[in-house]
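**Student:** Have a look at this one before I ask anything.
The values are calculated or read from the model by the stated rules, or taken from the named source; none is laboratory data. Since we're looking at a predicted model, the values are computed, not measured. For neighbour counting, all protein chains shown are included, and Cβ atoms are generated from backbone atoms with ideal geometry for every residue, glycine included.
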Amino acid sequence: MIAIQQKIRRALTPEQVFMASAFVVNGGNYLYNLALGRVLGPGAFADAAILITLMLVLSFVAMTFQLAVAKFTTEFDDQKQEAFTHRAYKQATRFGVLLGASIVVFATELQQLFQTESSVMFTIFGIAVPVYFIMSVNRGNLQGKKAFIQLSVTYQLEMVCRLALTFALLLFFNINSSIAVSSAIAISFIAGVFPFKKLNTKRQSHASLSSKENKIILQFFVLTACYELTQIICNNSDILLVKHYFPSYDAGLYASLALIGRVVYFVTWMFVMLLLPTVVSMRKEGKNSVPVLLKYVGYITALASAIVVFTFLFPSFAVQLLFGDQYVAIAPLLGWYAVATSFFAISNIFAYYYLSLDHYKPIVIAALFGVLQVVLIVCFHESLYEVVMAQVLAMGTLLLAQLAYFGLIQRKGIKA
């Protein structure tokens with residue numbers, strides 16, 4: 001086994017290992033959702049999809065800590081890295097406890113809001129929330145140090161544990177499906193903490209951050225949190241609103257549509273993970289990072305275009321292959337949903353690029369169009385078709401706005 005790992009390290013760079021691992025993790029998560037949809041059927045899958053959506057929402061919130069740690073781990077020297085990361089663990093744990101406790105306290109209200117069968121699933125999920133924030137700080141530390149092989153392991157462990165445990169509980173125990181899914185998600189958070197990046201507490205105790213550095217950290221953290229909030233709105237509000245407005249069967253159909261259509265977002269997320277530390281490093285070295293941005297935009301556009309074409313040409317085949325005949329009624333909407341997701345994925349790479357360079361106007365742009373998407377869905381939800389077209393309109397105009405901002409910056413000659 002050790003010999004195989006050594007051969008892999010000689011043959012591939014850590015970045016290439018991470019990209020390969022990201023494909024495996026995203027594939028595993030995708031398989032997890034597909035299998036749940038087939039095993040549970042549209043009605044029960046709607047409840048499971050709410051848990052999965054809440055997990056995605058949680059990942060966006062925790063990404064604020066991960067990106068902040070990744071950015072400043074890259075920028076600070078070793079002693080200040082330790083001081084900053086030590087504080088990040090404390091703050092993340094406190095916030096995680098507060099958020100998790102809120103979910104537990106309002107579990108019954110969440111059950112009523114999303115019309116789920118049980119409130120226990122929210123309680124189990126809430127208990128595990130603090131662990132997810134610890135995991136995210138650890139991942140940010142690994143990401144900032146470009147320890148991509150170890151970073152890959154944390155994602156692999158989380159995915160494998162969730163996949164194996166969910167279906168073990170569903171197949172071998174007489175347990176409510178939503179409780180099985182929530183329990184597996186909670187335990188997978190614990191698995192995802194490993195390998196844990198230990199801190200040198202002795203060295204950290206002699207280091208401190210200046211008031212200017214603390215101000216820069218706070219500014220980046222707040223603005224990143226604002227952008228992650230827009231990510232939550234753009235990427236998850238539709239499922240939550242559909243679960244609120246539509247019956248469970250329709251919500252289950254829509255969840256399958258969202259899962260298939262969002263494959264472009266899952267596939268392209270690895271480019272965002274690689275982009276941030278690369279751009280920060282290039283800025284420190286005084287290099288122009290625009291070519292790197294354009295390279296990643298090209299990759300994402302090519303992948304998105306291929307997926308969109310496929311979903312328009314073979315929508316029924318895609319739905320039947322992935323979810324089965326009971327979901328085929330949603331097939332006519334698949335291509336349009338993929339279009340909306342592609343617009344969002346491409347605009348997302350611009351936003352994260354400028355975020356890593358401390359340009360914050362794209363965050364405001366994304367927030368405005370995220371709110372527009374919610375408003376459109378609230379106003380137009382007579383059918384699932386209206387919900388999807390509302391997203392096409394909102395995300396299409398978001399992409400045009402991000403491209404306009406990029407063009408304006410380039411014309412002005414503002415150094416990235």
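**Student:** Within the range 100-107, can one find any residue that is of a type outside the set (A, V, I, L, M), surrounded by fewer than 19 Cβ atoms within 10 Å (Cβ to Cβ), at pLDDT below 85 and assigned to a helix (DSSP H, G or I)? Before you say what the answer is, go through the steps one by one.
**Tutor:** Taking the range 100-107 first, the residues of a type outside the set (A, V, I, L, M) are 100, 102, 106.
With surrounded by fewer than 19 Cβ atoms within 10 Å (Cβ to Cβ) added as a condition, the list becomes 102, 106.
Applying the additional criterion that residues be at pLDDT below 85 yields none.
No, every residue in the range 100-107 fails to be of a type outside the set (A, V, I, L, M), surrounded by fewer than 19 Cβ atoms within 10 Å (Cβ to Cβ), at pLDDT below 85 and assigned to a helix (DSSP H, G or I).
**Student:** Here is a further query. List, please: which pairs have Cβ atoms under 9 Å, are six or more places apart or on different chains, and start with a residue in the range 306-326 that is in contact (Cβ under 8 Å) with a residue 60 or more places away in the chain and end with one that is of a type in the set (Ser, Thr, Tyr)?
**Tutor:** VAL319/SER256; VAL319/TYR327; LEU322/TYR30; LEU322/SER256; PHE323/SER256
**Student:** Please go through (1) modelled with pLDDT of 90 or more; (2) surrounded by fewer than 24 Cβ atoms within 10 Å (Cβ to Cβ); (3) under 18 Å from THR154 (Cβ atoms) for PHE60 and return the number of the only condition it doesn't satisfy.
**Tutor:** Failing condition for PHE60: (1).
**Student:** Within the range 317-348, count every residue that is small (Gly, Ala, Ser) and surrounded by fewer than 18 Cβ atoms within 10 Å (Cβ to Cβ). Explain how you work it out, then say what you get.
**Tutor:** Just the residues of the range 317-348 that are small (Gly, Ala, Ser), to begin with: 318, 324, 329, 331, 335, 338, 340, 342, 345, 347.
Restricting the remaining residues to those that are surrounded by fewer than 18 Cβ atoms within 10 Å (Cβ to Cβ) gives 324, 329.
Number satisfying all stated conditions: 2.
**Student:** Follow-up. Residue by residue through the range 121-166, note down the ones that are without any contact (Cβ under 8 Å) to a residue 60 or more places away in the chain, surrounded by fewer than 20 Cβ atoms within 10 Å (Cβ to Cβ) and of a type in the set (Gly, Ala, Ser).
**Tutor:** The answer is ALA164, and nothing else.
**Student:** Would you check if there is a residue in the range 269-284 being part of a loop (DSSP other than H, G, I, E, B) and either surrounded by fewer than 24 Cβ atoms within 10 Å (Cβ to Cβ) or of a type in the set (Gly, Ala, Ser) (or both)? Lay out the reasoning, then the answer.
**Tutor:** At the first step, the residues of the range 269-284 found to be part of a loop (DSSP other than H, G, I, E, B) are none.
The answer is no; no qualifying residue exists.
**Student:** For the subset of the range 248-299 comprising residues that are under 18 Å from the mean Cα position of the chain (by Cα) and among the small types (Gly, Ala, Ser), which member is modelled with the lowest pLDDT?
**Tutor:** So, considering only residues that are under 18 Å from the mean Cα position of the chain (by Cα) and among the small types (Gly, Ala, Ser), the one modelled with the lowest pLDDT is GLY261.
**Student:** If you take the residues of the range 2-18 that are at pLDDT 75 or above and of a type in the set (A, V, I, L, M, F, W, C), which of them is farthest from ALA255 (Cα to Cα)? Working first, answer last.
**Tutor:** Taking the range 2-18 first, the residues at pLDDT 75 or above are 13-14, 16-18.
Next, only the ones that are of a type in the set (A, V, I, L, M, F, W, C) stay: 17-18.
Numbers: VAL17: 31, PHE18: 28 Å.
Looking at residues that are at pLDDT 75 or above and of a type in the set (A, V, I, L, M, F, W, C), I get VAL17.
**Student:** Pick out the one residue from ILE349, ILE330 that is at pLDDT 85 or above and either among the polar types (S, T, N, Q) or closer than 28 Å to ASN141 by Cβ (or both). Give the steps one after another, and end with the answer.
**Tutor:** Numbers: ILE330 fails: either among the polar types (S, T, N, Q) or closer than 28 Å to ASN141 by Cβ (or both).
Only one candidate qualifies: ILE349.
**Student:** Can TYR360 be described as modelled with pLDDT under 90 and buried (at least 22 other Cβ atoms within 10 Å of the Cβ)?
**Tutor:** Numbers: modelled with pLDDT under 90: yes; buried (at least 22 other Cβ atoms within 10 Å of the Cβ): no.
Criteria not met by TYR360.
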